[in-house]
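Since every read-out is calculated from the coordinates, none of them should be taken as a lab result. The structure presented is a predicted model; accordingly, all values stated were derived computationally and were not measured. All Cβ positions, even for glycine, are placed from backbone atoms using ideal geometry, and neighbour counts span all protein chains on display.
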Amino acid sequence: MKQRERKPFLNQEAYQALYAQSITDPTQFWDTAASTHLSWFSPWDQVTSGDFEHANVKWFINGQLNACYNCVDRHLDTRGSQTAILWEGNEPHERKAITYLELHEDVCKFATVLKSLGIRKGDRISIYLPMIPEIIVAMLACARIGAIHSVVFGGFSPEALKQRLLDADCCMLITADEGLRGEKKIPFKENSDKALRDCPNVKHVIVVQRTSQNISFNKARDVWYHEAMVEAAQDSEAEPMEANDPLFILYTSGSTGQPKGILHGTGGYLLYAAMTHRYIFDYQDNDIYWCTADVGWITGHTYLVYGPLANGATTLLFEGVPHYPSFSRYWEIVDKYKVNLFYTSPTAIRSLRKEGKKWITCTDRRSLKLLGTVGEPINPDVWEWYFDVVGEKRCPIVNTWWQTETGGILLSPFPGATPPIPGSVGWPFFGIVPELLDEQGMPSSTETPQQLFIKKPWPGLLQTIYGNRERFIDTYFKKCSGYFYTGDEGITDKNGQYFITGRNDDVIKVSGHRLSTSEVENALLTHEMVSEAAVVGVPDSIKGEHIYVFVTLKTDVMATEDLKKELVQRVREIIGPLATPEHIQWAAALPKTRSGKIMRRILRKIAVKAFDELGDLSTLADATVVENLIKENQQG
């Protein structure tokens, strides 16, 4: 069958004209964009107010809309019979196609269930589910009635779930009996029950039946999803929400070890999700779009759920993993559903590259029109392999940079407009003004990586850290007055294309997911035999970074391999498998300044055996500590 000719939305001239308009006249630009890309119940009085100086930015003030209505209801007349969600289960034979009409029915019924259990506008609901259609239904039902959803990644431990339930003061948890990932079963209900022992404010638990495994069931608290849905009415009107009403809380690791509850609003976030999805992925009607991210992360929120559905797209939801039952699974799915736009992480690409191209070339992949990457910097050689082997040198690559806090993509190549450069994150999206500043807050044109700041507000920006405005201001706006601080470093080339070189705070990116060094250290310090711990990220050819731990034991405690296993297990129990340390090095002492600050810069060099790059040691209280660590590293 002959493929339809595809003409990109933008060429370079069109991009430059739109970008210039978004910077010189942002009020008019975003006013037009909001009218074009979203449906509103009532218009706004003012496009935007506030600034970074006072950390009080708002968008589309007094405008009313509903995120669920924009993602479902408004498509019913023209796309009711179109598939909204393609679900591919853990096993290749498990599949389901859900139309917009069917999605509307399920969301309305579940919204009725929530209201029947006393959920009202502003209540916080935690969603802890596998990658099954019910996770999208739950998010949209919350949005429909004005409840604030807080999705927790299914790989997190009971302790991590408890921490998030308490911080958001959730009154309901939506979970499943079990989940499936490759050959593993994830005990969602068991984990939930453990977390809820210390969460008295959670009054109801809705349980989705995924595997029909026998589970503990508290009849006074627990409700079966399928039973509640049978009895639920379908008439649930979408609640009008002011544009700045909260839509969701999503937790991300911070440098203090306490996860940050990133709070996103409704109108600005949804507009930014829809626009970035349409322009950066060059989404066109009838494209089959697949973002492989878990919904428990911001990429899943913005580019699996809200962005695609706001644009009336068909979005693919995959429950499993890329290597089960074989390393061809991703590409078999691409062929099965004729996927056109594919968005995944450099970690996934590196792991599949490692296994050889035979797993890819045995599939067709001719439906692919565009490839994307997200979550961490991609090495130029991996970019080229992705372009050459997966896309057969015919699919443009959008290597995107953004964060949980930004709501959507800030830097990316644009298909048809940006010259392709391996590893580059391209140009800024409309309205985004990036600046690279040195430690004194001055613009820098050197080739040395500098701190990346954003100068102007944009609609997708977080509203605050839930329950902690002071931390919100300290984290993002105190570093340099009048700027948003990203915590990343980068450089630009002569053509204005950006390259992200890494983090400049104490956050590690493992497989594209942010983990706080303090969070891992705190988990280690719960062990009665640990005196001190320091965690650093080490470059990893597959994961991007892995966790390397230096541990000082208490006096008279014997360092053993069994103890290392205990410490690894402790981290897994408190945070989850994602935070599993790759290496533990015993340390008689840690390198500290005279004020007591641990010098992680030195520890990173020791971890990678870069002993001749330790730099200035004059500020250390005891330089012999470094000599001992080097010896211990060499012996290990």
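Only four residue types carry charge here, +1 at the Cβ of Lys and Arg and -1 at the Cβ of Asp and Glu. Report the dipole size of segment 513-635 about the Cα centre in Debye, rounded to the nearest 20. It would help to have the intermediate numbers written out before the result.
On the way: 16 positive and 18 negative charges, 63 e Å.
With Lys and Arg at +1 and Asp and Glu at -1, about 300 debye.
Sorted by packing (mean other beta-carbon atoms within 10 Å per residue), highest first, where do 60-70, 389-399, 132-142 land?
Working: 60-70: 23.5, 389-399: 18.4, 132-142: 25.6.
Taking the mean over residues of other Cβ atoms within 10 Å, the ranking is 132-142, 60-70, 389-399.
Separation between the Trp224 and Glu183 pseudo-spin-labels, each 7 Å from Cα along Cα→Cβ, expressed in nm?
The answer from the label model is 3.2 nm.
Based on other C-beta atoms within 10 Å, arrange Leu161, Leu617, Leu368 from fewest to most.
Numbers: Leu161 25, Leu617 14, Leu368 22.
Result, fewest neighbours first: Leu617, Leu368, Leu161.
By the gyration tensor of its Cα atoms, with a ≥ b ≥ c the square roots of the eigenvalues, what is the shape of segment 452-589: rounded for a/c under 1.5, prolate for a/b over b/c, or oblate? The partial results should precede the final answer.
Working: a/c = 2.66, a/b = 1.87, b/c = 1.42.
Because a/c hits 1.5 or more and a/b exceeds b/c, segment 452-589 counts as prolate.
Over segment 286-330, what relative contact order in percent results from Cα pairs under 8 Å that are six or more residues apart? Please list the in-between numbers first.
Numbers: 46 pairs, mean separation 16.6, N = 45.
Taking the mean separation of contacting Cα pairs over the length of segment 286-330, I get 37 percent.
For the peptides 226-237, 277-288, 196-207, what is the packing order when you average, over each peptide's residues, the other Cβ atoms within 10 Å and list the highest mean first? Numbers along the way, then the final one.
Values: 226-237: 13.6, 277-288: 20.4, 196-207: 17.0.
Ranking, from highest mean packing down: 277-288, 196-207, 226-237.
Taking only C-alpha pairs under 8 Å that are 6+ residues apart, what is the relative contact order of segment 513-635 in percent?
Working: 172 pairs, mean separation 27.3, N = 123.
Taking the mean separation of contacting Cα pairs over the length of segment 513-635, I get 22 percent.
Using label points projected 7 Å from each Cα along Cα→Cβ, tell me how many nm separate Ile542 and Asn495, to one decimal.
3.4 nm
For Lys479, go through the lysines and keep the ones whose alpha-carbon is under 21 Å away, minus same-chain ones fewer than eight residues off.
Lys260, Lys455, Lys456, Lys597
Put +1 on the Cβ of every Lys and Arg and -1 on every Asp and Glu Cβ in segment 513-635; which of Asn522, Ala534, Met599 then has its Cα farthest towards the positive end of the dipole?
Selected residue: Met599.
When the chain is fully extended, how far beyond the present Cα-Cα distance does Lys336 get from Lys478, taking 0.36 nm per residue of separation? Could the numbers behind the result be given before it?
Values: separation 142, 0.36 × 142 = 51.12 nm, distance 4.97 nm.
Result for the pair: 46.2 nm of gain on full extension.
Please list, or write none, the lysines whose alpha carbon is within less than 29 Å of the alpha carbon of Lys354, excluding same-chain residues fewer than 8 places away.
Leaving aside lysines fewer than 8 places away in the same chain, those within reach of Lys354 are Lys184, Lys185, Lys336, Lys338, Lys369, Lys393, Lys509, Lys543, Lys564, Lys565, Lys605, Lys609.
If you find the alpha carbon centre of segment 186-251 and of segment 314-392, how far apart are they in angstrom?
Each part's Cα centre sits 33 Å from the other's.
Run lengths n ≥ 4 of DSSP H only: what is the helix-derived mean residue ellipticity at 222 nm for the chain, with -39500 (n - 2.57) per run over all residues, to the nearest 500? Kindly include the intermediate steps, with their values, before the conclusion.
Details: 20 runs with 187 residues, N = 636.
So the helix-based figure for the chain works out to -8500 deg cm²/dmol.
Take Glu355, project a point 7 Å from its Cα along the Cβ direction, then tell me which residues of segment 86-121 have their backbone nitrogen under 17 Å from it.
Flagged as within label range: 89-93.
Mean separation of Cα pairs under 8 Å and 6+ residues apart, divided by the residue count of the chain: what relative contact order is that in percent?
Details: 1354 pairs, mean separation 80.6, N = 636.
It comes to 13 percent, rounded to a whole number.
Once the piece of chain linking Gln234 and Thr78 is laid out straight, how much longer is it, given 0.36 nm per residue of separation minus the C-alpha distance between them?
Working: separation 156, 0.36 × 156 = 56.16 nm, distance 2.04 nm.
The span from Gln234 to Thr78 would gain 54.1 nm if fully extended.
Mark the label point 7 Å from the Cα of Leu525 along Cα→Cβ and return the residues of segment 481-519 whose backbone N is within less than 12 Å of it.
518-519
How would you rank 292-298, 470-476, 153-159, highest first, on the average number of other Cβ atoms within 10 Å across their residues?
Working: 292-298: 22.6, 470-476: 16.7, 153-159: 20.4.
Descending mean neighbour count gives 292-298, 153-159, 470-476.
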